[in-house]
Amino acid sequence: MKNLLLLLFLCTSVIGWAQTPLANQKKPKNIILLIGDGMGLSQVSAGFYFNDETSNFERFTNIGLIKTSSSAELVTDSAAGATAFASGVKSYNGAVGVDSDTNSVPTIIELLSKRNYATGVISTSSVVHATPAAFYAHVFRRSMYEAIAENLAKSEVDFIAGGGSQFFDRREDGKDLFEDFRKNNFEIHTESLPDKVSKKKQLILLADNAMPKMIEGRGDFLPESTQLGIDYLSANKQGFFLVVEGSQIDWGGHGNEADYLIGEQLDFDKTIGVALDFAKKNGETLVIVTADHETGGFTLAASENDYNTIKPSFSTGGHSATLIPVFAYGPGASSFNGIYENTEIFHKMMSLLQKK
């Protein structure tokens, strides 16, 4: 009987701990959200088996899973997946910052900018691609790149780094959006990452469209731009929100190219280390790492009967419906444990950033 009572007490305690409301948790001043586009659990695992260094994923102790279906499809695309993160609503595949009826929905960047947070967007794709776009733009179709670029020029984003310069100064409508950025106090870089930046807002576009692949010599653009973005945004006393996308993990999956995918995954892993190092030192920063969906049905199988050799393989050239891991570190990290809808990423972040 005593053992039964003890068991009931322990179960009740665990349930109570798991249901601790976000309002009672320590809250972060800053959030860094890292999105590995197309990154499922096998992609994360590849960073353990094909990495010369210890994977930065081993530094997380708070881990959850998200369900990723869009409003109309069981298997989401990047646009609907990122809109769920950025605005907390389920929408249709292809939707960027709009709901199922194509009505604009406010993004976390727009909401936080009104509260004087500094904000940033970094990507290894074009910055007008679906995932980064969902955090600042509102269009009913993800391929509306020139319209998305105009949305970015009118946004409150303070630090921007990635590719996509052609959508700003070589447009079909003849507009030069770089002039709009200059009028809005931006410093523009199109040749290389600066060693340091001024106090002006930053627009860094280093490719006409996407940045090069890692296996084609991109180098340390993603970890270095992330460090640069953190250095710039952390000067803001109110706090900051930074979203960083490892875009081309997805593209390696679509192409069923294991070397491409693994190179991008290792680059993303290294970038996570930059964010975690800052968070550990800063003490007021929440780091969240997740993905919009898995791409390629990627798996790490034994090679024939050789259980000491891993042979990466794929089951599709598209996306899959597998649950996606969420990793969190810093103030409020425990609220990301469990299994929940992808829209909860937005709601959990906003709850944690409520005024104290």
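The table below gives the values:
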item	result
Some residue of segment 69-90 being more than 21 Å from ILE324 (Cα to Cα), out of contact with any Cys (no Cβ under 8 Å at 6 or more places or on another chain), at pLDDT 95 or above and not hydrophobic (A, V, I, L, M, F, W, C)	no
Exclusive hit being surrounded by fewer than 24 Cβ atoms within 10 Å (Cβ to Cβ), touching a residue at least 24 places away in the same chain (Cβ under 8 Å) and touching a Ser or Thr at 6+ places or on another chain (Cβ under 7 Å), set VAL96, VAL105	VAL105
Single residue of segment 92-120 satisfying the filter (in a loop (DSSP other than H, G, I, E, B) and among the polar types (S, T, N, Q)) that is farthest from SER71 (Cα to Cα)	ASN116
Options ALA279, ALA321: the member that is farther than 23 Å from GLY88 by Cβ, aliphatic (A, V, I, L, M) and modelled with pLDDT of 95 or more	ALA279
Any hit, segment 238-252, residues being touching a Pro at 6+ places or on another chain (Cβ under 8 Å), among the acidic types (Asp, Glu) and either modelled with pLDDT under 95 or not in a helix (DSSP H, G or I) (or both)	yes
Test result for THR316, of a type outside the set (Asp, Glu), within 29 Å of VAL105 (Cα to Cα) and assigned to a loop (DSSP other than H, G, I, E, B)	no
Any hit, segment 211-225, residues being assigned to a loop (DSSP other than H, G, I, E, B) and under 23 Å from ASN30 (Cβ atoms)	yes
Failed item, numbered, when ALA279 is tested on (1) surrounded by 24 or more Cβ atoms within 10 Å (Cβ to Cβ); (2) under 22 Å from ALA86 (Cβ atoms)	(1)
Total residues in segment 32-74, condition within 16 Å of TYR340 (Cα to Cα), in a loop (DSSP other than H, G, I, E, B) and not small (Gly, Ala, Ser)	2
Output for segment 289-305, where each listed residue is under 30 Å from LEU276 (Cα atoms) and assigned to a loop (DSSP other than H, G, I, E, B)	ALA291, ASP292, HIS293, GLY296, GLY297, PHE298
Hits in segment 221-260 - residues which are hydrophobic (A, V, I, L, M, F, W, C), closer than 25 Å to THR295 by Cβ and surrounded by fewer than 24 Cβ atoms within 10 Å (Cβ to Cβ)	PHE221, TRP251, ALA258
Members of segment 46-75 found to be in contact with a strand residue (DSSP E or B) (Cβ under 7 Å, 6 or more places away or on another chain) and not small (Gly, Ala, Ser), listed by number	TYR49, PHE57, ARG59, PHE60, ASN62, ILE63, LEU65, ILE66, LYS67, THR68, VAL75
Segment 108-165 - residue that is surrounded by fewer than 22 Cβ atoms within 10 Å (Cβ to Cβ) and hydrophobic (A, V, I, L, M, F, W, C) and, of those, nearest to GLN248 (Cα to Cα)	MET144
Cross-chain or 6+ apart pairs with Cβ under 7 Å, segment 130-147 first and more than 13 Å from SER104 (Cβ to Cβ), then in a helix (DSSP H, G or I) and not hydrophobic (A, V, I, L, M, F, W, C)	ALA130/SER78; THR131/SER78
Residues of segment 258-281 classified as closer than 16 Å to SER42 by Cα and either under 16 Å from the mean Cα position of the chain (by Cα) or among the β-branched types (Val, Ile, Thr) (or both), total	7
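For every residue, the table says whether it meets (1) closer than 23 Å to GLY239 by Cα; (2) touching a residue at least 40 places away in the same chain (Cβ under 8 Å); (3) touching a helix residue (DSSP H, G or I) at 6+ places or on another chain (Cβ under 7 Å).
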{"site": "LEU152", "(1), (2), (3)": "yes, no, no"}
{"site": "GLU156", "(1), (2), (3)": "yes, yes, yes"}
{"site": "SER165", "(1), (2), (3)": "no, yes, no"}
{"site": "GLU187", "(1), (2), (3)": "yes, no, no"}
{"site": "THR190", "(1), (2), (3)": "no, no, no"}
{"site": "LEU193", "(1), (2), (3)": "no, no, yes"}
{"site": "LYS200", "(1), (2), (3)": "yes, no, no"}
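The values are calculated or read from the model by the stated rules, or taken from the named source; none is laboratory data. Note that the coordinates shown come from a computational prediction; the quantities given were computed from them, not determined experimentally. With ideal geometry, Cβ positions are generated from the backbone for all residues, glycine too; neighbour counts draw on all protein chains shown.
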